[in-house]
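The values are calculated or read from the model by the stated rules, or taken from the named source; none is laboratory data. What you see is a predicted model; the values in this text were computed from it and never measured. Here Cβ is always computed from backbone atoms with ideal geometry, including for glycine, and neighbour counts include all displayed protein chains.
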Ligand SMILES: [Zn+2]
C-alpha cells in the first residue's frame with residue numbers, strides 16, 4: 001500500500017520516499033506525490049532520482065512508477081521524486097473544470113456522465129444526451145466560466161460510504177457507483193458539485209482560468225461528447 005501524498009497536499013511537487021520494491025522498470029515507493037492514471041485522468045510524469053518517470057499506474061492500493069531502467073534502483077534506496085509541475089497543474093485545472101461542467105450539464109438537462117478523459121492539453125466529458133449543439137455548448141461553458149470566476153473553494157474530506165451515498169447529487173456517473181470502500185474521499189467544489197473522487201484538483205476555482213469549449217461529437221445514440229480546454 002503506497003501512502004498518497006497527493007491526497008494530503010495536491011500542490012506537493014518534490015518529495016522524499018523509500019524504495020520498497022522494484023519489478024523490472026516498475027518502482028514501488030512507501031509514499032508518492034505522483035498521481036497514477038485512473039478515473040479518466042492521465043498519470044503524472046517527472047523524475048525519480050533524476051531518472052525519467054514516464055507513467056504511473058495503480059493496482060489495488062499499490063502505485064507503480066514506470067522509471068527509465070538506467071535509474072537502477074533497489075529496495076531500501078532513498079528516492080527524490082520531482083513532478084512535471086506544468087503538466088500536473090493543467091491536469092488539476094482540467095479536472096476541476098470537468099466536475100463543474102458535469103454538474104452544470106446535469107443540472108440543466110439531467111444527463112449523467114458516461115465517460116471522461118482528462119489530458120493536459122484537451123479534455124472531454126461524455127453525457128447520455130440525445131442532442132447537443134454548439135449553442136447549448138456555449139451556454140454550458142458560459143456557466144462553467146461563471147463558477148470558475150466566483151473563486152469557489154475546493155475541499156476534500158473523507159466520509160463513511162453510507163452517509164456519502166445519502167447525499168443528493170453525489171453520483172453523476174451513469175455506469176459506475178463509487179468504489180465499494182467503507183470510507184470515500186469526497187471532493188466538494190463550493191456549492192456547485194460534490195463527488196466521490198480520488199483525483200487531483202485545484203484548491204480554488206479561480207485557478208482554472210478561462211474555459212473554452214472546443215467542439216461536440218456524437219458518439220452513438222444518447223451519447224454526446226464535449227471537448228474543452230483551459231487557457
Ligand atoms: Zn473526478
> Could you list, in sequence order, the residues of segment 93-117 that are farther than 19 Å from residue 156 by Cα, in contact with a helix residue (DSSP H, G or I) (Cβ under 7 Å, 6 or more places away or on another chain) and either within 11 Å of the ligand (Cβ to nearest atom) or part of a strand (DSSP E or B) (or both)?
Replying inline: 113, 116
> Listed residues 16, 20, 55; which is outside any helix (DSSP H, G or I) and in contact (Cβ under 8 Å) with a residue 60 or more places away in the chain?
Replying inline: 16
> Looking at segment 179-231, which of its residues are closer than 20 Å to residue 128 by Cβ and out of contact with any strand residue (DSSP E or B) (no Cβ under 9 Å at 6 or more places or on another chain)?
Replying inline: 220, 221
> What single numbered condition from (1) surrounded by 16 or more Cβ atoms within 10 Å (Cβ to Cβ); (2) closer than 21 Å to residue 95 by Cα; (3) at pLDDT 80 or above fails to hold for residue 142?
Replying inline: (1)
>> Taking the conditions exactly as written (within 28 Å of residue 205 (Cβ to Cβ) and touching a residue at least 12 places away in the same chain (Cβ under 8 Å)), does residue 110 satisfy them or not?
In response: no
> What are the pairs, 6+ residues apart or on separate chains, where a residue within segment 28-43 that is modelled with pLDDT of 95 or more has its Cβ under 6 Å from a residue that is away from the ligand (no atom under 14 Å from the Cβ) and part of a loop (DSSP other than H, G, I, E, B)?
Replying inline: 32/2; 33/12; 34/44; 35/44; 36/43; 37/43
>> Considering only residues that are in a loop (DSSP other than H, G, I, E, B) and touching a residue at least 60 places away in the same chain (Cβ under 8 Å), which ones fall in segment 133-169?
In response: 133, 169
> Across segment 130-169, what is the number of residues that are farther than 20 Å from residue 191 by Cα and touching a helix residue (DSSP H, G or I) at 6+ places or on another chain (Cβ under 6 Å)?
Replying inline: 0
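Among residues belonging to segment 25-52 that are assigned to a strand (DSSP E or B) and within 16 Å of the ligand (Cβ to nearest atom), point out the one that is surrounded by the fewest Cβ atoms within 10 Å (Cβ to Cβ).
Checking each candidate, the answer is 38.
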> Is there any pair with a first residue in segment 189-201 that is without any contact (Cβ under 8 Å) to a residue 40 or more places away in the chain and under 27 Å from residue 3 (Cβ atoms) and a second that is more than 9 Å from the ligand (Cβ to nearest atom) and part of a strand (DSSP E or B) whose Cβ atoms are under 7 Å apart and which are 6 or more apart or on different chains, and what are they?
Replying inline: 194/186; 194/188; 196/184; 196/185; 196/186
> If you check every pair at least six apart or on different chains, which have Cβ atoms under 6 Å apart with a residue in segment 68-95 that is under 29 Å from residue 194 (Cβ atoms) first and a residue that is surrounded by fewer than 19 Cβ atoms within 10 Å (Cβ to Cβ) second?
Replying inline: 83/13; 85/13
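For segment 171-189, check the following and say yes or no: at least one residue is over 23 Å from residue 93 (Cβ atoms) and part of a strand (DSSP E or B).
yes
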> How many residues does segment 148-193 hold that are at pLDDT 95 or above and surrounded by fewer than 16 Cβ atoms within 10 Å (Cβ to Cβ)?
Replying inline: 5
> So how many residues does segment 60-80 have that are under 17 Å from residue 2 (Cβ atoms), surrounded by fewer than 18 Cβ atoms within 10 Å (Cβ to Cβ) and at pLDDT below 95?
Replying inline: 2
